[in-house]
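The values are calculated or read from the model by the stated rules, or taken from the named source; none is laboratory data. If you're wondering where the values come from, they're calculated on a predicted model, not measured in any experiment. Every residue, glycine as well, gets a Cβ built from its backbone with ideal geometry; the counts of neighbours run over all protein chains shown.
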Amino acid sequence: MLHSEASGDGPPVVLVHGFTQTRRSWDPLLHRFSAAHRVIVVDAPGHGRSGNLTGDLWQGAQWLGEAGGRGAYVGYSMGGRLALHLAMLRPELVTRLVLVGATAGLDTDEERRERRAADEQLAQGLERDGLEAFLERWLAGPLFATLSPEAAGRADRLENTVEGLATSLRLTGTGTQESLWSRLDELTMPVLLVAGERDEKFTALAHRMAEAWGGPASVRIIPDAGHACHAERPEAFVDLVLAFLDDDHAAAMPADSSSP
């Protein structure tokens, strides 16, 4: 089972981190979430104290549901894809879903082949050069151009291992993910899709997912933020997520707006 830790009391919410992070990446947000919720943070397969677990996105989703149980799920990037797979696999466990910088997959076999090849190159570079050099290159990439060194949580990422992250790239990368776009209309739980204003790719994906969703769907764009919008503007992020989780009418919010 995935390593998990819990704090606070109230309706449960499960937080799922992105690639190269661990459960500790949510630490700056825990005091606000745990004031009104029982918060469960997990280490995704291949990461942190779950570094020895190897499985694809469907297996990871199964483990995630076992660790988190029934509740709301908040997933960032890779964690969002795991949470989306859980919603498909065990919809009765997911009362509400928040997807941050996530996707329902690539559209074509060719795109998936190219992405798998790119992820294999990343995995080989990680194995060749080691964790510190890999993280330096990873955090210097365009996805994190607006992320400050303090918000990047490099020390947290160094808890991972070369073996765990390389396996994660090969088994749970976007190139291995089957396209779920045609199945989004099966999902009826309320979803909040969040992206940073400067992350144009995932902003467009959030709108596309909202249009295809089978249940209530809303999009929130965080101004002056990139892919890791929850880390760049944590207060704005927590404000909108708590509003969605705690307001009985949150699922009926306007489909698109920006947080202040």
Q: Just give me the residues in segment 79-132 being in contact (Cβ under 8 Å) with a residue 60 or more places away in the chain and among the polar types (S, T, N, Q), in sequence order.
A: Thr95, Thr103
Q: Can you give me the number of residues within segment 187-202 that are surrounded by fewer than 19 Cβ atoms within 10 Å (Cβ to Cβ) and either within 28 Å of Gly141 (Cβ to Cβ) or of a type in the set (D, E, K, R) (or both)?
A: 4
Q: Go through (1) charged (D, E, K, R); (2) modelled with pLDDT of 95 or more; (3) over 22 Å from Glu111 (Cβ atoms) one by one and return the number of the condition Arg208 breaks.
A: (3)
Q: Just name the residue that is surrounded by the most Cβ atoms within 10 Å (Cβ to Cβ) out of those in segment 112-142 that are closer than 30 Å to Val241 by Cβ and among the charged types (D, E, K, R).
A: Asp119
Q: Within segment 213-247, count every residue that is aromatic (Phe, Trp, Tyr) and modelled with pLDDT under 95.
A: 0
Q: Mind telling me which of the residues Ser7, Ser77, Ser34 ends up being within 30 Å of Gly141 (Cα to Cα) and polar (S, T, N, Q)?
A: Ser77
Q: Return a yes/no flag: does segment 120-141 have any residue that is of a type in the set (Gly, Ala, Ser) and in contact with a Phe, Trp or Tyr (Cβ under 6 Å, 6 or more places away or on another chain).
A: no
Q: Name the residue, out of Arg116, Arg112, that is farther than 25 Å from Trp213 by Cβ, modelled with pLDDT of 95 or more, of a type outside the set (A, V, I, L, M) and in a helix (DSSP H, G or I).
A: Arg116
Q | Filter pass, Ser259 being farther than 29 Å from Glu132 by Cα, touching a Leu at 6+ places or on another chain (Cβ under 8 Å) and either at pLDDT below 95 or of a type in the set (S, T, N, Q) (or both) | A | yes
Q: Evaluate the following for Asp246: is it without any contact (Cβ under 8 Å) to a residue 24 or more places away in the chain, touching a Pro at 6+ places or on another chain (Cβ under 9 Å) and within 23 Å of Pro11 (Cβ to Cβ)?
A: no
Q: Evaluate the following for Phe33: is it among the aromatic types (Phe, Trp, Tyr) and farther than 24 Å from Leu184 by Cβ?
A: yes
Q) Which residue pairs have Cβ atoms closer than 7 Å, lie 6 or more positions apart in sequence or on different chains, and pair a first residue in segment 22-37 that is within 18 Å of Cys229 (Cα to Cα) with a second residue that is charged (D, E, K, R) and in a helix (DSSP H, G or I)? A) Thr22/Asp156; Arg24/Asp156; Ser25/Asp156
**Q.** segment 219-243 - residue that is free of Cβ contacts under 8 Å to residues at least 60 places away in the same chain, in a helix (DSSP H, G or I) and touching a strand residue (DSSP E or B) at 6+ places or on another chain (Cβ under 7 Å) and, of those, surrounded by the fewest Cβ atoms within 10 Å (Cβ to Cβ)
**A.** Ala236
Q: Would you point out the residue of segment 26-65, among those that are in a strand (DSSP E or B) and over 15 Å from the mean Cα position of the chain (by Cα), that is surrounded by the most Cβ atoms within 10 Å (Cβ to Cβ)?
A: Val39
